[in-house]
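Following: one structure in structure tokens, then a few remarks.
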Amino acid sequence: MLQVKKAVIPVAGFGTRFLPATKATPKEMMPIVDKPIIQYIVEEAVKSGIDTVIFVTGRHKRAIEDHFDYAPELEYTLEKSGKEEYVNIIREISDMANFVYIRQKEQLGLGHAILTAQHVIGNEPFAVLLGDELIINEGCPGIKQLIEVYQRFGKSVLGTTEVPRKETYKYGIVEGTEIENGIKLVNYLIEKPEPEEAPSTSAIIGRYILTPNIFDALKKTPFGKGGELQLTDALMTLRKEEAVYAKDIEGKRHDTGNKLGYIKAIIDFALEREDTKEFIKQLIISKAKELQ
């Protein structure tokens with residue numbers, strides 16, 4: 001069985017929910033304290049055994065390429081200032097993986113973004129990580145949990161979590177047969193159903209391991225909601241030909257794709273850091289007293 005060594009990270013979206021901040025800065029480059037969101041995503045992939053990261057990008061996302069490239073002028077300036085520790089930090093970012101950039105000329109959905117990477121993926125299984133979902137599990141990163149399921153069954157695996165029924169319209173929803181604790185054989189998928197139409201409350205949360213057969217399934221799938229090629233629809237096509245599994249991902253999840261989730265992520269990360277946690281604790285206590 002081939003190992004999962006490549007990951008696709010789609011980053012072509014405009015980030016309209018964060019305008020005007022994202023007018024000139026990709027939403028994926030917005031910082032959680034002092035590290036951009038996208039770097040956390042790449043680190044999760046690398047810690048899970050990925051060695052090639054494929055960004056499906058757009059013409060307004062050059063900052064992402066620059067972030068993962070070498071910066072000789074900056075390194076030179078830091079070295080002259082005696083700040084060797086910062087030189088090491090920024091060099092490690094560039095050395096984490098092999099980075100490939102593919103331009104998605106039209107934003108036609110997640111399925112279309114993945115299809116644009118076919119020529120780089122080839123006939124291998126691969127990971128997909130969405131750029132606004134952070135999953136924190138120091139023991140076993142989120143995507144690694146799915147890789148372990150793939151290594152057992154050799155089929156596509158979707159990362160899932162339970163959500164309140166009133167929120168099913170935000171997610172792809174899975175209905176499946178539980179074969180063991182936390183792992184389901186997928187029977188049915190639907191993209192963003194209204195609560196009364198949702199077959200379950202098991203939601204896909206932006207982590208996938210896909211077999212290369214997904215590319216044929218994508219090509220057979222008609223464009224759906226919003227004129228986009230939906231990955232969820234293609235997975236239903238794939239399921240007719242081979243098994244698809246779902247795994248509840250263990251770990252702390254942050255949805256940084258909306259303002260409140262982004263703010264919460266900053267606070268939670270700051271509370272975990274030795275250099276910021278006491279300040280944030282005191283700030284929260286102080287603000288809570290002011291609001292009483």
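The values are calculated or read from the model by the stated rules, or taken from the named source; none is laboratory data. In this text the structure is predicted, and so the values were computed from the model without any measurement. Note that each Cβ is placed from the backbone with ideal geometry, even for glycine, and that neighbours are counted across all protein chains shown.
For L2, indicate whether it is loosely packed, with under 14 Cβ neighbours inside 10 Å and without any contact (Cβ under 8 Å) to a residue 24 or more places away in the chain. Break it down stepwise before answering.
On the way: loosely packed, with under 14 Cβ neighbours inside 10 Å: yes; without any contact (Cβ under 8 Å) to a residue 24 or more places away in the chain: no.
Answer is no for this residue.
Quick check, is P141 of a type outside the set (K, R) and either within 30 Å of P31 (Cα to Cα) or surrounded by fewer than 16 Cβ atoms within 10 Å (Cβ to Cβ) (or both)? Before the answer, list the steps.
Details: of a type outside the set (K, R): yes; either within 30 Å of P31 (Cα to Cα) or surrounded by fewer than 16 Cβ atoms within 10 Å (Cβ to Cβ) (or both): yes.
When the stated conditions are applied, P141 passes them.
Inspect all residues belonging to the stretch 188-203 and state whether any of them is assigned by TED's automatic domain parsing to the domain that holds A45, at pLDDT 95 or above and of a type outside the set (D, E, K, R).
Within the stretch 188-203, the subset assigned by TED's automatic domain parsing to the domain that holds A45 is 188-203.
Pick out the ones that are also at pLDDT 95 or above and you get none.
There is no residue in the stretch 188-203 that is assigned by TED's automatic domain parsing to the domain that holds A45, at pLDDT 95 or above and of a type outside the set (D, E, K, R).
Can you find a residue that is of a type in the set (K, R), surrounded by 12 or more Cβ atoms within 10 Å (Cβ to Cβ), over 15 Å from the mean Cα position of the chain (by Cα) and at pLDDT 90 or above anywhere in the stretch 37-55?
Filtering the stretch 37-55 down to residues of a type in the set (K, R) leaves 47.
Add one more test, that the residue is surrounded by 12 or more Cβ atoms within 10 Å (Cβ to Cβ), and what stays is 47.
Imposing the further condition that a residue be over 15 Å from the mean Cα position of the chain (by Cα) reduces the set to none.
No, that holds for no residue.
Can V128 be described as touching a Ser or Thr at 6+ places or on another chain (Cβ under 8 Å) and closer than 28 Å to K220 by Cα?
On the way: touching a Ser or Thr at 6+ places or on another chain (Cβ under 8 Å): no; closer than 28 Å to K220 by Cα: yes.
No.
Could you check N213 against (1) more than 25 Å from H254 (Cβ to Cβ); (2) under 18 Å from the mean Cα position of the chain (by Cα) and say which number it fails?
That leaves (2) as the condition not met.
Grab the helices (runs of 4 or more DSSP H) fully contained in the stretch 177-292, keeping just those with 1 or more residues being buried (at least 20 other Cβ atoms within 10 Å of the Cβ).
Numbers: elements: 214-220, 231-239, 259-272, 277-291.
Counting at least 1 such residues, we get 214-220, 231-239, 259-272.
Can you tell me which residue in the stretch 128-146 is farthest from D233 (Cα to Cα), limited to those that are in contact with a Pro (Cβ under 9 Å, 6 or more places away or on another chain) and either outside any strand (DSSP E or B) or not assigned by TED's automatic domain parsing to the domain that holds A45 (or both)?
Looking at the filtered set, the residue picked out is G131.
Within the bounds of the stretch 18-40, is there any residue that is assigned to a helix (DSSP H, G or I) and touching a Lys or Arg at 6+ places or on another chain (Cβ under 7 Å)?
Yes, that holds for at least one residue.
Within the stretch 56-85, restricting attention to residues that are among the aliphatic types (A, V, I, L, M), part of a helix (DSSP H, G or I) and crowded, with 16+ Cβ neighbours inside 10 Å, which residue is modelled with the highest pLDDT?
I64
Which members of the stretch 98-127 meet the condition of being in a loop (DSSP other than H, G, I, E, B) and touching a Pro at 6+ places or on another chain (Cβ under 8 Å)? Walk me through how you get there before you give the answer.
So in the stretch 98-127, the residues in a loop (DSSP other than H, G, I, E, B) come out as 104-109, 116-117, 122-125.
Q104, G122, N123, E124, P125, listed by residue number.
Run G142 past the list (1) touching a helix residue (DSSP H, G or I) at 6+ places or on another chain (Cβ under 7 Å); (2) at pLDDT 95 or above and report the number of the one that doesn't hold.
So G142 meets the others, but not (2).
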